[in-house]
Amino acid sequence: MQQYYGGIIRRQQHLIRCLGADHQSNSINTLRLVNNSNTRMQSAMSGGGPTLEADALSILRSISPTLDSSKHKGQAGKIAVLGGCREYTGAPYFSAISALKIGADLSHVICTKDAAPVIKSYSPELIVHPLLEESYSVREEDRKSVSTLILAEVDKWMERFDCLVIGPGLGRDPFLLDCVSDIMKHARQRNVPMVIDGDGLFLVTNRLDLVSGYPLAVLTPNVNEYKRLVQKVLNCEVNDQDGPQQLLSLASSIGGVTILRKGLSDYISDGKEVRSVSIFGSPRRCGGQGDILSGSVAVFLAWARKLVDKEGPTMSPTMLGCIAGSALMRKAASLAFEDKKRSTLTTDIIECLGRSLEDICPVR
Ligand SMILES: NC(=O)C1=CN([C@@H]2O[C@H](COP(=O)(O)OP(=O)(O)OC[C@H]3O[C@@H](n4cnc5c(N)ncnc54)[C@H](O)[C@@H]3O)[C@@H](O)[C@H]2O)[C@@H](O)CC1
Ligand SMILES: Nc1ncnc2c1ncn2[C@@H]1O[C@H](COP(=O)(O)OP(=O)(O)OP(=O)(O)O)[C@@H](O)[C@H]1O
Ligand SMILES: [Mg+2]
C-alpha cells in the first residue's frame, strides 16, 4: 500500500509541475480545478490550507438527500441500466444494484431476452425488462417492426426514469446498437440524463451526434475508451503531459458533455472546467469497478439535478454527480481492499458502498 500511495504522490507532484504550480504535496488527497479561461489551479494540501479532497466529500454530503418519513417511493431516484446481453450479465447487475445500495428507490435493467432470467436470478430487488434483441434472434425482414416495438416498450417507462445508464455489458451487436441509438434520441428529447459507459461508449464514439451538445450526457471512459474517443474527436493521441487541458478540449469539442476519465486519479470536465478526484482508491483492478461507478454517478446526478433545480446553479449537476460518484466508488474500493486484499472482487466493493456512505454522510 505504501508503495502504491508513493506512486500516486509522485504522479500528483508531476502533474502539479506540469500545470505550472509550485506547491509541494505530501498528500494523496488532492483535487484540482483548472479553469477554462485562465488555467487557474486550485490545489490544496492536507495539513496546510483547505484540502480539495474535502470538497469531493462535501459535494457528496450536500447532494445526498436526507432520509425522512414524509417521502414516498421514487423520490430518491429511479435509475435504469440499458445493458446485458448473451456474453455479459455481471456488468448491468453491478451498475443497477450499486444504484440501489447507494439509495435510489428503484433500479431497472433493460436487457436482451437471453440475459434477463440470469440477471433476475442475481437479485429480486431489480426490475428486469427482457426487451432488447440481438441480430441472431431477429430475421432480417422483421428488424424494422421489432425495433419499433422495442422503442415503444422502452418509451412507456422513459418518463419515470431520473437517469439512464447506457452500456454496461450491452455488447456490440449492430441491430441492438441501432435500437439503443433510437432510445437515446428519445431520452434526449425528454431531457433524461444519460451516463454512458462500456459498449455505450463504443456506440457513441462512432455516433457522436447522439450526445453532442447534450448537457445531461456523462461519458465515463476507461483507459481504452478514452484513447478511442481522443483519436476520433481530437484526431490525435492521448497526451498525459497536458491531460486536464486535453480533457477540457475533448468535452468542449463534444458540445459540453461531461467526461469522467477514469484512472489513478479520476478527471472530470464539462468543457468549462476540469476537476480531479484522487482520494482513497485501491490497487486492485478487478473488472466491474467501472460498472459500480456508472450506477453511482447516475444516482448522484439525479440527486444533484433536484438540488440544482431548487437552489440554483453552483456547478453543473453532471459535474457534481461525477465527483460524488467517483469519491464514493473509491472509498468503497479502499474499504473492501483493507479487508480482502488480493482477493477483493467487485461484489466485495458493492458490499462496502453502504458503510462508505455512512462514513462520509451519516444518516441523522
Ligand atoms: N462481469 C461482467 O459482465 C463485466 C462486463 N464488462 C463489460 O465488458 C464489455 C467490454 O468492456 P472492457 O472494459 O473489457 O472493454 P475495453 O475496450 O476497455 O477493454 C478491451 C481490452 O482492453 C484491455 N484493457 C482494459 N483496461 C485496460 C487498461 N487500463 N490498460 C490496458 N489495457 C486494458 C482489457 O484487458 C480488454 O482485453 C463492456 O460491455 C463492459 O461493460 C466489464 O464492465 C467488466 C465486468
Ligand atoms: N490506478 C487506479 N488507482 C485507483 N483507482 C483506480 C485506478 N484505475 C481506476 N480506478 C478507479 O476504478 C474505477 C473503475 O475504473 P476502471 O478504469 O477500472 O473502469 P473500467 O475499466 O471501465 O471497469 P469495468 O471493469 O467495470 O469495465 C474508477 O472509479 C477509478 O477511479
Ligand atoms: Mg468499463
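The values are calculated or read from the model by the stated rules, or taken from the named source; none is laboratory data. All of these numbers come straight from a predicted model, not from anything done at the bench. Here the Cβ is made from the backbone with ideal geometry for all residues, glycine too, and neighbour counts use every protein chain on show. Side chains are part of the model used for accessible areas, which takes the heavy atoms of the whole protein and leaves out ligands, DNA and RNA. Shrake-Rupley method; radii C 1.70, N 1.55, O 1.52, S 1.80 Å.
Could you check the stretch 165-217 and list, in sequence order, the residues that are without any contact (Cβ under 8 Å) to a residue 40 or more places away in the chain, closer than 21 Å to residue 134 by Cβ, open to solvent by 10 Å² or more (accessible area, probe 1.4 Å) and away from ligand 1 (no atom under 11 Å from the Cβ)?
Of everything in the stretch 165-217, those that are without any contact (Cβ under 8 Å) to a residue 40 or more places away in the chain, closer than 21 Å to residue 134 by Cβ, open to solvent by 10 Å² or more (accessible area, probe 1.4 Å) and away from ligand 1 (no atom under 11 Å from the Cβ) turn out to be 174, 177, 178, 182, 185, 186, 206, 207.
Given (1) in contact (Cβ under 8 Å) with a residue 24 or more places away in the chain; (2) assigned to a helix (DSSP H, G or I); (3) more than 18 Å from residue 165 (Cα to Cα), identify the lone condition not met by residue 274.
Only one criterion in (1) in contact (Cβ under 8 Å) with a residue 24 or more places away in the chain; (2) assigned to a helix (DSSP H, G or I); (3) more than 18 Å from residue 165 (Cα to Cα) is unmet by residue 274, namely (2).
For residue 218, all conditions in the list (1) β-branched (Val, Ile, Thr); (2) within 16 Å of ligand 3 (Cβ to nearest atom); (3) more than 17 Å from residue 202 (Cα to Cα) hold save one; what is the number of the exception?
Status for residue 218: all satisfied but (3).
Right, residue 308: open to solvent by less than 10 Å² (accessible area, probe 1.4 Å) and more than 16 Å from ligand 3 (Cβ to nearest atom) or not?
Judged against the criteria, residue 308 is not a match.
Tell me which of these residue 38 doesn't satisfy, since it passes every other one: (1) at pLDDT 90 or above; (2) in a loop (DSSP other than H, G, I, E, B); (3) closer than 25 Å to residue 272 by Cβ.
Every listed condition holds for residue 38 apart from (1).
Among the residues of the stretch 163-210, write down those that are away from ligand 2 (no atom under 16 Å from the Cβ), among the charged types (D, E, K, R) and in a helix (DSSP H, G or I). Break it down into steps so the answer makes sense when it comes.
Step one: list which residues in the stretch 163-210 are away from ligand 2 (no atom under 16 Å from the Cβ), which gives 163-164, 173-194, 206-210.
Pick out the ones that are also among the charged types (D, E, K, R) and you get 173, 178, 182, 185, 188, 190, 207, 209.
Hits for the stretch 163-210 are 178, 182, 185, 188, 209.
Working only within the stretch 263-295, note down all residues that are within 16 Å of ligand 1 (Cβ to nearest atom) and aliphatic (A, V, I, L, M).
Result: 264, 292, 293.
To keep it simple, each residue is scored yes or no on (1) more than 15 Å from ligand 2 (Cβ to nearest atom); (2) assigned by TED's automatic domain parsing to the domain that holds residue 295; (3) surrounded by 16 or more Cβ atoms within 10 Å (Cβ to Cβ); (4) of a type outside the set (Ser, Thr, Tyr).
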| residue | (1), (2), (3), (4) |
| --- | --- |
| 222 | no, yes, yes, yes |
| 231 | yes, yes, no, yes |
| 242 | yes, yes, no, yes |
| 261 | no, yes, yes, yes |
| 265 | no, yes, yes, no |
| 276 | no, yes, yes, no |
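From the residues in the stretch 279-313 that are modelled with pLDDT of 95 or more and assigned to a loop (DSSP other than H, G, I, E, B), which one is nearest to residue 62 (Cα to Cα)?
Looking at residues that are modelled with pLDDT of 95 or more and assigned to a loop (DSSP other than H, G, I, E, B), I get 282.
Which numbered condition in (1) without any contact (Cβ under 8 Å) to a residue 12 or more places away in the chain; (2) in a helix (DSSP H, G or I) is the only one that residue 124 fails?
Here residue 124 clears every test but (2).
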